[in-house]
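The values are calculated or read from the model by the stated rules, or taken from the named source; none is laboratory data. All of these numbers come straight from a predicted model, not from anything done at the bench. As a convention, Cβ positions derive from the backbone with ideal geometry for all residues, glycine included, and neighbour counts pool all protein chains shown. Ligands, DNA and RNA are stripped out before the accessible areas are found, and what is left, the full protein with its side chains, is counted by its heavy atoms. Shrake-Rupley method; radii C 1.70, N 1.55, O 1.52, S 1.80 Å.
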Amino acid sequence: MNALVISLLVFALIFGGALVGVVVRPLLSAEHLHPDSKDVVKMATGLIGTLAALVLGLLIASAKSSFDQKTSQVKQMTATIILLDDLLAQYGPEAAPARNLLRRSIQPLANRIWKEENKNGKLVHFESSAEALAFENVLERLSPKDDAQRSLQSRAIQAFTDGAQTRLQLFAQAGGSIPTPFLIILVFWLSAIFVSFTLFAQTNLVVMASLFVCALSFACAIFLILELDNPFTGLMGISSATLRSALLPLNP
């Protein structure tokens, strides 16, 4: 399920908790409505609210950290590709085939990265593209004529290695980082809190409207967490345009 569907389900469960309290309240006896009982429920709700706030903050921080890390890795990979092309351009016309291969490898690279990140729990095996393997082979087969070209080839190979490591890190970290049990427990806690809100209090239009907005706010927070946790999809997804357009076509 996508982030929007999950968020709507979360909203229904949380606000449903308030409706459960409305239904259960007329069934309570005088003993249940004793002030001591209300105080105990308030204290228990306060403890659950504290736990929910801690977990919600933890989830937001974890999702934001994952989003920033993957964004940085994509930018680093783009910068590495530009550096590689610049080093090969300095090498001379002998490196033109390698530069052409580098350009042809960008589109398959982007396609594979975004496909792996959208695997939706499916097992995906890492595979290097044929273009990337061909580029690596051509790069290593360059025959430097002087020390300058040897230095440029060595730096290009190192840049390619660094880019490959970043690529593998993206593959290893593919998918979401938010454990599903965290979300389930958090929604359960929030639903229990909303039950307590309407269990002892008289409800009216203003109260229900306030609880509606509050439940919607929590659902928006969950939506934000899920969007940040899957940075290659959705409204906040990382665009592949920068990576795909990193290099201009070579002049014929």
* Structure fact -> Note on segment 72-90: residues more than 19 Å from the chain's Cα centre (by Cα) and among the hydrophobic types (A, V, I, L, M, F, W, C) are 79, 81, 82, 83, 84, 87, 88, 89
* The one condition in (1) surrounded by 14 or more Cβ atoms within 10 Å (Cβ to Cβ); (2) more than 21 Å from the chain's Cα centre (by Cα); (3) assigned to a helix (DSSP H, G or I) that residue 32 fails to fulfil -> (3)
* To do: Could you tell me whether segment 6-19 includes any residue that is surrounded by 14 or more Cβ atoms within 10 Å (Cβ to Cβ), closer than 15 Å to residue 192 by Cβ and at pLDDT below 90?
  => no
* What number of residues in segment 65-93 are farther than 26 Å from residue 149 by Cβ and of a type in the set (Phe, Trp, Tyr)? -> 1
* List the number of the failed condition for residue 91; all other conditions in (1) farther than 30 Å from residue 177 by Cα; (2) at pLDDT below 90 hold. => (2)
* Asked: Among all residue pairs at least 6 apart or on different chains, which show Cβ distances below 9 Å where the first residue, located in segment 42-54, is under 19 Å from residue 32 (Cα atoms) and the second is part of a helix (DSSP H, G or I) and aromatic (Phe, Trp, Tyr)?
  -> 45/197
* To do: Test residue 63 against the stated conditions and say whether it is touching a Gly at 6+ places or on another chain (Cβ under 9 Å), assigned to a helix (DSSP H, G or I) and open to solvent by less than 80 Å² (accessible area, probe 1.4 Å).
  => yes
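State all residues of segment 158-179 that are closer than 18 Å to residue 51 by Cβ and of a type in the set (Val, Ile, Thr); if no residue qualifies, say none.
So the first thing to find is which residues in segment 158-179 are closer than 18 Å to residue 51 by Cβ, and the list is 178-179.
178 - this is the single residue of segment 158-179 that is closer than 18 Å to residue 51 by Cβ and of a type in the set (Val, Ile, Thr).
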* Please work out which one of (1) open to solvent by 50 Å² or more (accessible area, probe 1.4 Å); (2) free of Cβ contacts under 8 Å to residues at least 24 places away in the same chain; (3) not aliphatic (A, V, I, L, M) is the condition residue 38 fails and give its number. => (2)
* To do: Need at least 2 residues that are free of Cβ contacts under 8 Å to residues at least 40 places away in the same chain and either touching an Asp or Glu at 6+ places or on another chain (Cβ under 9 Å) or open to solvent by less than 20 Å² (accessible area, probe 1.4 Å) (or both) per element, so show me which helices (runs of 4 or more DSSP H) inside segment 139-252 make the cut, counting only ones lying wholly within it.
  => 147-172
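Yes/no per residue for (1) under 20 Å from residue 165 (Cβ atoms); (2) at pLDDT 90 or above; (3) outside any loop (DSSP other than H, G, I, E, B):
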position: 103; (1), (2), (3): no, yes, yes
position: 113; (1), (2), (3): yes, no, yes
position: 121; (1), (2), (3): no, no, no
position: 125; (1), (2), (3): yes, no, no
position: 128; (1), (2), (3): yes, no, no
position: 133; (1), (2), (3): yes, no, yes
